[in-house]
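One structure is given here, and the rest of the page talks about it.
The values are calculated or read from the model by the stated rules, or taken from the named source; none is laboratory data. Values in this document were obtained by computation on a predicted structure and should not be read as measured data. Note that we place each Cβ from the backbone using ideal geometry, even for glycine, and neighbour counts take in every protein chain shown. These area figures cover heavy atoms from the full protein model, side chains too; ligands, DNA and RNA do not enter into them. Shrake-Rupley method; radii C 1.70, N 1.55, O 1.52, S 1.80 Å.
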Amino acid sequence: MKTHLVRVLQILSLLILPLQAERTIRIVYLGAPADSSLKELFIYGTSGENPAVPVQSTLNHSNFSPQIPIDMQASTLRLLSEPLGEDQPFPEGTTSVAIDKKWQHTLLILFHSKTSETTLPVSIHQINASPNQFKPGELHWINLSEVALGGQVGDQKIVLNPKQSRVMKCPAGEIECKVKLNYLVKGEEKSRSLIRQMWRIDKKTRQVVLILKRPPPKHASYYVLPFRDPPKPAADE
């Protein structure tokens, strides 16, 4: 009986193992100066077997990189502009980012920062893009500005205070979505126009919409990062 139970557990483990989802990150570097020397990253800590071996990624300045697999237990990634030499320790103040182990897919948005106290001139914003949090066909709004945002996205209303975020579905069955958004600067009584557009809807595409802080008199702008999941590999015959 005991042998039979062990055999059943072995079979179940074989059935479950292929279904375990890998963890990934995607990276984009926004606002980089034209003369920036930061062209690629060497990412340490992506592999549980050998975290000392970096993954090299060319930095895209307009949209997210391809998916970069990371170990299921990875919790902290270290980012460098060039690889370490053999037995060379990480420099003091090495840029690092914490990755929640519960997040299956993570988006990392690097913003150029002149005041960064780490080895790279960036600040980093993380987004949980796991399937249960941010699905294809949805919009992930993130208000990084100091203004309040409000208006209409299709038939839905949206209100975003400073530093807030929200995931919303696009109207089902539509191919275009009317977006009409205003923002209110603290101390002002009249709102200002931010977006007056028709946005194309694609049920296979995720869209990250960033409301960015700008110096007065503008105060805010927006940037859209659309991306699709890579095609899944064909099943073995």
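When the Debye formula is applied to the Cα atoms of the range 85-211, each taken as the same point scatterer, what base-10 log of I(q)/I(0) results at q = 0.19, 0.22 Å⁻¹?
-1.14, -1.30
When the chain is treated as a GNM, springs tying every alpha-carbon pair under 10 Å, which of GLU189, GLU176, GLU82 comes out with the largest mean-square fluctuation?
Highest fluctuation among the options: GLU189.
Can you tell which of GLY137, GLY31, GLY187 shows the greatest fluctuation in a Gaussian network model of the chain with Cα springs below 10 Å?
In the Gaussian network model the winner is GLY187.
Using alpha-carbon positions, what is the distance between the centroids of the range 113-164 and the range 172-216, in Å?
First find each Cα centre; the distance between them is then 12 Å.
Rounded if a/c is under 1.5, else prolate if a/b is larger than b/c, else oblate: which is the range 58-124, with a ≥ b ≥ c the root eigenvalues of its Cα gyration tensor?
oblate
Just from the alpha-carbon atoms, what are the Rg and Dmax of the range 16-128 in angstroms?
14.1, 49
Provide the FRET efficiency to the nearest 0.05 for the GLN56-GLN88 pair, computing r from the beta carbons and using R0 = 22 Å.
With a Förster radius of 22 Å, E is 0.85.
Would you mind computing, in nm to one decimal, how far apart the modelled labels at ARG196 and SER36 are, each placed 7 Å from Cα along Cα→Cβ?
3.2
Would you mind getting me the FRET efficiency between GLN73 and ASP155? Use the beta-carbon distance for r and R0 = 41 Å, nearest 0.05.
Approximately 0.45, to the nearest 0.05.
Take the chain, connect every pair of alpha-carbon atoms lying under 10 Å apart with a spring to form a Gaussian network, then pick out the residue of SER47, SER57, SER36 with the largest mean-square fluctuation.
Judging by the Gaussian network model, the answer is SER36.
Quick one: grab the alpha carbon gyration tensor of the chain, order the square roots of its eigenvalues as a ≥ b ≥ c, and give me rounded if a/c is under 1.5, else prolate or oblate depending on whether a/b is larger than b/c.
Since a/c reaches 1.5 but b/c is at least a/b, the shape of the chain is classed as oblate.
Using θ = phi - 60° and the Karplus relation 6.51 cos²θ - 1.76 cosθ + 1.60, list the HN-Hα couplings for the range 221-229 in order, rounded to whole Hz, with x at every Gly or Pro.
Once rounded to whole Hz, the list reads 8, 9, 8, 10, 10, x, 7, 10, 6.
Based on the mean of other beta carbon atoms within 10 Å per residue, what is the order of 142-151, 107-116, most packed first?
Going by the mean number of other Cβ atoms within 10 Å, highest first, we get 142-151, 107-116.
First check a/c for the range 93-166, with a ≥ b ≥ c the square roots of the eigenvalues of its C-alpha gyration tensor; if it is under 1.5, answer rounded, and if not, answer prolate when a/b is larger than b/c or oblate otherwise.
Here the range 93-166 falls in the oblate category.
For LYS157, LYS186, write out the residues from largest to smallest accessible area, computed with a 1.4 angstrom probe and no ligands counted.
Ranked from most to least accessible, the order is LYS186, LYS157.
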